[in-house]
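Notes for the one structure printed next.
Derivation of every value follows stated rules applied to the coordinates shown; laboratory data play no part. Just so we're clear, the structure is a prediction, and the values are computed from it rather than from any experiment. In this analysis, Cβ positions are derived from the backbone assuming ideal geometry, glycine residues included, and neighbour counts consider all displayed protein chains.
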Amino acid sequence: MQEPTKQRWERVTYTDNPALPAVDDLEIVVDFLPSPEKLQFLARQPIP
């Protein structure tokens, strides 16, 4: 299986503050999306 190519922003190396931990070392504790049960999809109105 071919590995997917990374987007441009995924290849960026941030050097503004070298004291910050590497992204690989961070643990995601909050997701910005609600749980799948709480997602609401609005019905689209037909375009006249």
- request: Determine, for V23, V29, the number of other Cβ atoms within 10 Å of each Cβ, and report the residues in order from fewest to most.
  value: V29, V23
message: I'd like the Karplus ³J(HN,Hα) series for the stretch 37-46: coefficients 6.51, -1.76, 1.60, θ = phi - 60°, whole numbers in Hz, and an x wherever there's a Gly or Pro.
response: 5, 8, 5, 10, 10, 8, 5, 7, 7, x
